[in-house]
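Comments concern the structure below.
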Amino acid sequence: MILVKDLNKSFNSNHVLKGISLEVETGKVVAIIGPSGSGKSTLIRTINLLEIPDEGSIFIDDKQVQFERKKKISRADKELCGIRTEVGMVFQGFNLFPHKTVIENVMEGPIVVRKYSKEKAMQIGRENLKKVGLSEKENAYPNQLSGGQQQRVAIARALSMEPKAILFDEPTSALDPELVGEVLAVMKQLANEGMTMVVVTHEMNFAKNVADVVVFMEDGKIVEQGPPEQIFDAPESDRLKQFLARLE
Ligand code: ADP
Ligand code: MG
């Protein structure tokens, strides 16, 4: 579903992604773990071209994503819009439109990007709000919701674009601890329904219990990857052992 080959990305002299190759199979959940600054966000931002790689290739569904290297990202770029409609993204901050209601937030993508009618967009939006348990909040504004509710709206909004995969960048890191569970529960449900997901996370229990593959990144490289049992119970590299020991 997603295939990344030998990605390299620098910000000026800071070489952030150092030859990353990664495969995400359809319907699988890949969790990316690793210390802060290791390039996790840059990697997933690169997958949907919020950052343009310096080198390497990206394939979505066997189709190579075209991008001009080093070019400034222009919103009008057709190919960029193309990839961003195929691969949804949920950020740490919820990034909802503050002046739109919940249902308007969720309908925006289907109307603007998919060019669906208002009726169809509303139907899709309502289905997805139901899925995240927020049907009764469709006329609320984001600032009337808790952080956990806002993040669930952000997930409903991503789903309403009908993406092939969703990338999550630490979706629970900005939440009060008591609100983390409701967001993880929605993500777990999506995983069970077969959504292809890449999740950068500090939630090791989520990685252990929900991910099919766990990827450990450090210093711009994938140090180790494998099924959760292998990564958590039988880590091979010293760097991963140290990382896990520090969490305890
Ligand atoms: P992580 O998500 O693992 O914490 P990031 O991908 O955010 O790591 O960052 C990796 C490195 O890239 C850091 O040194 C960070 O300062 C740098 N970096 C990330 N985004 C930018 C940017 N837009 N401009 C310049 N440097 C950046
Ligand atoms: Mg990050």
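The values are calculated or read from the model by the stated rules, or taken from the named source; none is laboratory data. All values derive from a computational prediction rather than experimental measurement. When we count neighbours, we look across all protein chains shown, and the Cβ atoms used for this are built from the backbone with ideal geometry, even at glycine. The accessibility values were calculated without ligands, DNA or RNA, using every heavy atom of the protein model including side chains. Shrake-Rupley method; radii C 1.70, N 1.55, O 1.52, S 1.80 Å.
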(message) Of N8, G181, H99, which is farthest towards the positive pole of segment 2-247's charge dipole, taken about the Cα centre with +1 and -1 on the beta-carbons of Lys, Arg and Asp, Glu respectively?
(response) H99
(request) Jot down the radius of gyration and Dmax of segment 173-231, Cα atoms only, both in angstrom. (result) 12.4, 33
(request) For segment 1-64, state the semi-axes of the equivalent ellipsoid (square roots of 5 times the eigenvalues of the alpha-carbon gyration tensor), sorted largest first and rounded to whole angstrom. (result) 20, 14, 9
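Place a +1 charge on the Cβ of each Lys and Arg in segment 2-247 and a -1 charge on the Cβ of each Asp and Glu, then give the dipole magnitude about the Cα centre in debye, rounded to the nearest 20.
Here the size comes out at about 800 debye.
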(request) Work through the residues other than T101 whose Cβ is under 13 Å from its Cβ and net out their charges, Lys, Arg +1 and Asp, Glu -1. (result) 0
(request) With the full set of protein chains in place, find how many percent of the accessible area of the chain is carbon and sulfur; take the probe as 1.4 Å. (result) 46 percent
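Taking only the C-alpha atoms, wrap a convex hull around the chain and report its volume per residue in Å³ as a whole number.
Dividing the Cα hull volume of the chain by its residue count gives 127 Å³.
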(request) Starting with the highest mean, order 45-55, 89-99 by the number of other Cβ atoms within 10 Å, averaged over the residues of each peptide. (result) 45-55, 89-99
